[in-house]
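Just so it is clear, none of the values below were taken in a lab; they were calculated from the coordinates. All values reported here derive from a predicted model rather than from experimental measurement. Here the Cβ is made from the backbone with ideal geometry for all residues, glycine too, and neighbour counts use every protein chain on show.
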Amino acid sequence: MEQPKQKTITGFGLFKSVNTLVATPKNLDDLTKCIDFAKQQKFKIAIQGGGNSYSDVFFNNQLVIDTKQLNSIKSFDSENGEITVEPGVRIGDLLNVIMPQNWILVGLSGSVNDAIGGMLSTNVHGKDSWKNGNFSQNVISFKIMLANGETEIIKNNSDSKLFNSIVGGLGFLGLITEITLKLKPISSYMVEHQIQRIPKLENLVDFFYSLEENGLEYAHALLNPFVTGENVGQGISDSCRFVNERNCSNEKFKEFLVKKPRVYLLKPKSFWSLCKLFWNNNTNRILCDMRYRKTPTSNIKNIVPFPKYQYPHSAKPNFNFLFTPSGFFEIQTIFRKDIATQAFMELLSLSRSFKLQPFICGIKRHKSDSSYLSFANDGLSITMNFSLNVITTEQRDEYCKKLTAIILKHDGKTYLAKHPYFSKDDFHQMYPDYKKILELKSEYDPDGIFSSGATQRLLID
């Protein structure tokens, strides 16, 4: 094993960084040595997948295990739709293998660079989670290396305490070394993409609860956070369903996901750094208005490759540098259907009162699962991205305090891989099943070897 190296790591939001030792194991033997090294040094271990989380779920100022070299596809049964992978396999690379063979995963995240192990550890939820469930619904079984260096196989069983603790458990009980996934069959990787103006929030809620009758599999919506009055919550619905036509060759498909060499007048990071000179609430307002106005009032349909629908930001590398030097943070909160409209209005009103307008504001529908730290339930979520360049630390803290009060008042929950600013007490109210994970922690990791910034902040007494 190569010796861990001192590095500065940061999340996708670029608002926080930490200087730490980073180990990059290549195999199980290296992983065992990493754990032995941590025990000798009395270090805690955090686990990094794709490194795209917004919060401190993979942060640690002692030792971080980066899984990027554990990236092999161990086996693929293209007849029966089963695949076994290591945790560092990126979702874009996996889709390049399975979709030309007419298979897909459900509950996909929004980045082609997310790692499978991280997606399982945060139990990500995609635009189809309202129908198919979260990423955990793909899982047949997985192997996990525990604090004692032994590997255990965990099968998908809704009654399994270990399964429900590890899925969405933020790497708190061990390191996932291998995952076997059950794939969903598709007849084509082309989808019928539909977009339409939605005049106000009530209509948007109705849209999400008409998906079944319209035969739509994937759906989300973008709100214009600047609109007030009777049209508050005005936005655009964005949905699709797979079609049985226009199937293309394997080579043609790969054009949509494989990164091709490009010629830039400016490097992507430099381009976004230049753009930020012109970025403020006024430009954000103009862009939101333009996006709404150019969207048809009636439903428009186009046939497009699925990746073009699912990953619209993959063609915009390093756009997060638009928000340097302070970075940005993202909050995603879910509420029951009967509460969602009122709760969303209160959250949007709170943001306006702080002059903190989200530069992205989206809504999705979800369904619950058995994971103890599962974010999703049968309801609607709102996602808001905020630049930290426009407010002070004190304003941010005051805003988050009031935002959390609204969430708790309406019996909501916040996604753990995003919101980095709520407290242990708030977490305990949102996720009462955390106690079940702590019980297993004392059994499987009594010395607390596996511990990230998020688990230290939320779970450790």
| message | With θ taken as phi - 60° and the coefficients 6.51, -1.76 and 1.60, list the Karplus ³J(HN,Hα) couplings across segment 125-134 in order, rounded to whole Hz; mark glycine and proline as x. | response | 10, x, 6, 10, 5, 4, 9, 9, x, 7
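Of the peptides 115-122, 304-311, how do they stack up when ordered by the mean number of other Cβ atoms within 10 Å, highest first? Before the final figure, lay out each step's value.
On the way: 115-122: 28.9, 304-311: 20.0.
Output ranking for 115-122, 304-311: 115-122, 304-311.
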| query | Which cross-chain or sequence-distant (5 or more) residues have an amide H under 5 Å from the amide H of Tyr218, H modelled 1.01 Å from N in plane? | reply | Cys240
| task | Determine ³J(HN,Hα), in whole Hz, for all residues of segment 349-354 in sequence, where each value follows from phi through the Karplus function 6.51 cos²θ - 1.76 cosθ + 1.60 and θ = phi - 60°; x replaces Gly and Pro. | result | 5, 4, 4, 5, 5, 8
| field | Between segment 417-447 and segment 129-164, the alpha-carbon center distance in angstrom | value | 18
| note | Scoring segment 73-186 by relative contact order with C-alpha pairs under 8 Å, at least six apart, yields a percentage of 32
| Which three extents, in whole angstrom, do the alpha-carbon atoms of segment 1-158 cover along their principal axes, largest first? | 46, 35, 29
| remark: With the charge dipole of segment 350-461 built from beta-carbon charges (+1 for Lys and Arg, -1 for Asp and Glu) about the Cα centre, the Cα from Leu459, Ala417, Gln357 projecting farthest to the positive end belongs to Gln357
| task | Answer rounded, prolate or oblate for segment 73-186, using the Cα gyration tensor with square roots of eigenvalues a ≥ b ≥ c: rounded when a/c is under 1.5, else prolate when a/b is larger than b/c, else oblate. | result | prolate
| query | Hey, what did segment 4-161 get for relative contact order, percent, Cα under 8 Å, at least 6 apart? | reply | 16
| note | Env charge @ Gly118, Cβ radius under 15 Å, K,R +1 / D,E -1, value -3
| Under Karplus coefficients 6.51, -1.76 and 1.60, residue-wise ³J(HN,Hα) of segment 399-411 in Hz, glycine/proline x | 4, 5, 4, 6, 4, 5, 4, 5, 4, 5, 4, 9, 6
| query | For the pair Asn231 and Ser298, what calculated FRET efficiency results from E = 1/(1 + (r/R0)^6), where r is the Cβ-Cβ distance and R0 = 25 Å, to the nearest 0.05? | reply | 0.85
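Filter the cross-link list Lys44/Lys68; Lys276/Lys413; Lys301/Lys364; Lys200/Lys364; Lys7/Lys44; Lys74/Lys182 down to pairs whose alpha-carbon distance in this structure exceeds 22 Å. Intermediate values should be presented prior to the final figure.
Numbers: Lys44/Lys68 20 Å; Lys276/Lys413 32 Å; Lys301/Lys364 20 Å; Lys200/Lys364 15 Å; Lys7/Lys44 16 Å; Lys74/Lys182 14 Å.
Over 22 Å Cα-Cα: Lys276/Lys413.
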| message | Taking amide H atoms as placed 1.01 Å from N in the peptide plane, list the residues 5 or more away in sequence, or in a different chain, whose amide H sits under 5 Å from that of Ile360. | response | Asn385
| query | Would you list Arg293, Arg285 from fewest to most Cβ contacts within 10 Å? | reply | Arg293, Arg285
| task | Note down the relative contact order for the chain as a percent, whole number, built from C-alpha pairs under 8 angstrom at least six residues apart. | result | 19
| request: Give the label of the value calculated from the structure for Kirkwood radius over Cα pairs in Å, choosing from (1) 22.8; (2) 23.5; (3) 25.2. | output: (1)
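Would you mind calculating the gained length between Lys367 and Gln6 on full extension (0.36 nm times residue separation, minus the Cα-Cα distance), in nm to one decimal?
Numbers: separation 361, 0.36 × 361 = 129.96 nm, distance 4.10 nm.
Between Lys367 and Gln6, full extension yields 125.9 nm more.
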| DSSP bridge pairs, the chain: antiparallel proportion in percent, nearest 5 | 90
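Calculate the FRET efficiency for Lys401 and Asn19 from the Cβ-Cβ distance with a Förster distance of 41 Å, rounded to the nearest 0.05.
The value I calculate is 0.90.
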